[in-house]
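*Asks:* My questions all concern the structure below.
What follows is calculated from the coordinates using simple rules that are stated; it is not laboratory data. Since the model is a prediction, treat every value here as computed from it, not as a measurement. Every residue, glycine among them, receives a Cβ derived from its backbone with ideal geometry; neighbour counts consider all protein chains shown.
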Amino acid sequence: MKNTEQKNIHDNFELEKNYDFSDGIRGRFYKPKKIPTSTKMFTNTLEKFKLNNSLFTEDEKTTAIESFETKNRTNDSIKTCKYYNEFWTAKQRAANNIHEVSYRGCFKPQLPNFFIKNLTSQGDVIYDPFLGRGTTILEAGLMNRQIIGNDINPLSVILSEPRLLIPDIRDLSTELDNIHLDKNKKADIDISMFYHKDTEGELVSLREYILNKEKTGQLTNIDKWIRMVATNRLTGHSKGFFSVWTMPPNQAVLPNRQIKINQKMKQQPEYRNVKELIKRKTISLIKNISPQQKQTLKNIHKTAFFLNQDASDTKKIKNNSVSLTVTSPPFLDVVQYETDNWLRGWFNGLDTKKIGKKITMAKTIDKWTAVMQNVFDELYRITKKQGYVAFEVGDVKQGKIKLDEYVAPLGLNSGFDLIGIIINTQNFTKTSNLWGVKNNKKGINSNKIVLFQK
Ligand SMILES: C[S@@+](CC[C@H](N)C(=O)[O-])C[C@H]1O[C@@H](n2cnc3c(N)ncnc32)[C@H](O)[C@@H]1O
């Protein structure tokens with residue numbers, strides 16, 4: 001640390017009057033000035049994140065800080081900041097391949113990693129109320145934290161839990177080889193626009209096998225793994241998927257739309273070998289998991305807790321038990337989780353229409369904030385004293401709606417303190433003008449995280 005910075009720190013302290021110097025002076029004795037606990041907490045957090053520019057060298061500084069003011073529940077004005085920098089992504093090593101399961105609206109593993117690493121220790125409980133594909137809990141598991149995950153859509157558990165129980169590739173091959181897949185089977189719905197008839201037969205057989213085993217309570221961990229990988233391979237835009245070329249990012253469009261895509265691209269579904277592709281994707285998913293990480297995830301699974309509830313109503317989670325929540329909610333009605341997941345729902349025997357009714361699809365900002373207020377009240381109940389909530393919101397309507405600014409008062413209303421808004425600016429250059437969303441109109445490259453502490 002530079003001398004002037006060191007001095008600045010020391011200047012904030014005063015010498016304690018009653019120190020005994022009879023033994024000689026071995027250092028400088030300072031008694032901290034009395035500062036309110038909450039300010040101290042914030043300063044600590046800002047330092048952890050290297051957000052407090054007065055303390056860091058030029059290289060370490062947050063690229064830009066913008067002041068931001070909001071109101072708490074008693075209408076007092078609360079001053080805080082928006083901190084811009086490339087806090088994660090390119091600076092960090094690549095994420096583990098085990099995350100590579102596509103899901104609409106998922107965030108990069110580096111995002112939860114940043115908050116988990118800086119704000120928690122081994123054994124702390126990490127929670128995500130809008131679990132999606134399970135990015136937060138998987139990353140937390142890899143970092144040896146306890147985990148709780150919740151999502152209104154049961155698909156979330158299907159996609160996330162098996163990746164805590166990674167099978168041995170030989171066991172997986174043996175299990176797959178023992179499943180009889182009949183190429184002549186036909187689906188109960190028309191999926192011919194996606195699959196070659198032989199692939200459809202194999203898929204239908206696999207679906208029946210899994211659903212029967214589930215019904216009779218015989219589903220093994222390897223079966224759950226197969227189900228997770230198959231769900232992930234249903235549609236996509238390479239030969240690694242069971243389907244003909246579909247729209248990125250791997251969620252099936254509705255059948256009529258796919259027919260049009262096929263006509264436009266002059267394509268017909270080719271045969272894909274279901275078992276082979278499941279093996280291939282498994283090898284890719286586990287390629288950089290070490291035996292130790294595999295064991296850590298297995299241990300974490302023993303106490304892992306999954307819920308399938310509305311995020312505002314999670315009674316099974318104890319009061320004051322969660323150290324850190326890292327989450328991203330559905331943003332207004334930007335992603336159609338119901339229609340996007342219809343084919344995945346069919347494969348897993350889920351009633352997507354019924355699930356769709358429960359998924360939060362607020363069309364207006366007022367409706368959205370009302371729903372999220374209830375979520376914050378619940379998060380306040382379950383968060384430990386001094387625990388954190390990192391609430392990620394992206395740009396909506398090309399940056400016209402700043403959801404982060406709507407979220408800030410919600411947490412305050414529930415009783416949290418607002419630490420600040422952390423904006424990861426992936427593509428910004430150091431010299432560019434960072435104020436506002438000038439460089440970011442399309443809203444593709446920013447993650448805005450509103451950070452609260454209880
Ligand atoms: C933006 S995604 C979360 C993605 C996640 N961060 C990831 O990396 O995969 C939002 C999730 O919220 C879920 N969801 C929507 N409404 C919900 C509600 N009321 N309660 C709980 N989950 C809900 C959706 O099913 C979806 O999986």
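*Asks:* Which entries in K117/K239; K224/K287; K185/K363 show an alpha-carbon gap greater than 30 Å?
*Replies:* Numbers: K117/K239 37 Å; K224/K287 19 Å; K185/K363 41 Å.
With Cα atoms farther than 30 Å apart: K117/K239; K185/K363.
*Asks:* Moving on to the next point. Can you list residues whose amide H is under 5 Å from G420's amide H, if they're 5+ apart or on another chain and H is modeled 1.01 Å from N?
*Replies:* Those lying under 5 Å, H to H, from G420 are L451.
*Asks:* Whole-Hz Karplus ³J(HN,Hα) for region 54-71, in order, using 6.51 cos²θ - 1.76 cosθ + 1.60 and θ = phi - 60°, x for Gly and Pro?
*Replies:* Here the 3J(HN,Hα) series is 5, 9, 10, 6, 3, 5, 7, 5, 5, 4, 8, 10, 10, 6, 8, 10, 9, 10 Hz.
*Asks:* Further question: When the gyration tensor of region 167-285 is built from Cα positions, what are the square roots of 5 times its three eigenvalues, in whole Å, from largest to smallest?
*Replies:* Computed over region 167-285, the values are 25, 16, 12 Å.
*Asks:* I would also like to ask the following. Below 8 Å between Cα atoms, with a sequence gap of 6+, how large is the relative contact order for region 167-285 in percent?
*Replies:* Value for region 167-285: 29 percent.
*Asks:* Can you tell me which of 367-376, 53-62 comes out highest on packing, and rank the rest after it, using the mean Cβ neighbours within 10 Å? Please report the intermediate quantities before stating the final value.
*Replies:* On the way: 367-376: 18.9, 53-62: 13.3.
Per-residue mean Cβ counts within 10 Å order the peptides as 367-376, 53-62.
*Asks:* Fewest first, what order do Y406, Y388 take by the number of other Cβ atoms within 10 Å?
*Replies:* In increasing order of surrounding Cβ atoms, one gets Y406, Y388.
*Asks:* Using the Karplus equation 6.51 cos²θ - 1.76 cosθ + 1.60 (θ = phi - 60°), what ³J(HN,Hα) coupling, rounded to whole Hz, does each residue of region 180-194 give in order, writing x for Gly and Pro?
*Replies:* 8, 10, 9, 5, 8, 5, 10, 6, 7, 10, 7, 10, 5, 6, 9
*Asks:* Tell me the net charge near G240. Cut-off is 12 Å between Cβ atoms, G240 excluded, with +1 for each Lys or Arg and -1 for each Asp or Glu. Can you show the working numbers first?
*Replies:* Values: positive: R233, K239, R272, K279, R280, K281; negative: E100, E276.
Value of the local net charge: +4.
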